[in-house]
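Readers should treat all values here as calculations from the given coordinates under stated rules, not as data from a laboratory. Predicted model only: the values in this text are computed from it and were never measured. Here the Cβ positions follow ideal geometry from the backbone for every residue, glycine too, while neighbour counts run over all protein chains shown.
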Amino acid sequence: MSRQIGNDRAHRIAFFQRIIDLTGRDAIDNIRNEKLLNNAQVRDFINKQY
């Protein structure tokens, strides 16, 4: 299992490096911001009083 986790991590790093090479920028901040926005929207929906 640790070998698979290592392989997944290596693939993830290679994927993000390829995005940086192609676009010239790191997309990780955009991904984090989208996740935060989505979490806030879900939280607002769950907490909404009807």
Handout entry: Positive-end residue of ASN39, ILE19, ASN7, charge dipole of region 7-50 with Cβ unit charges
Key = ASN39
Fill in the blank from the handout: Whole-Hz Karplus couplings 3J(HN,Hα) for region 32-38, θ = phi - 60° and coefficients 6.51, -1.76, 1.60, Gly and Pro as x, run 4, 5, 4, 5, 4, 4, 4
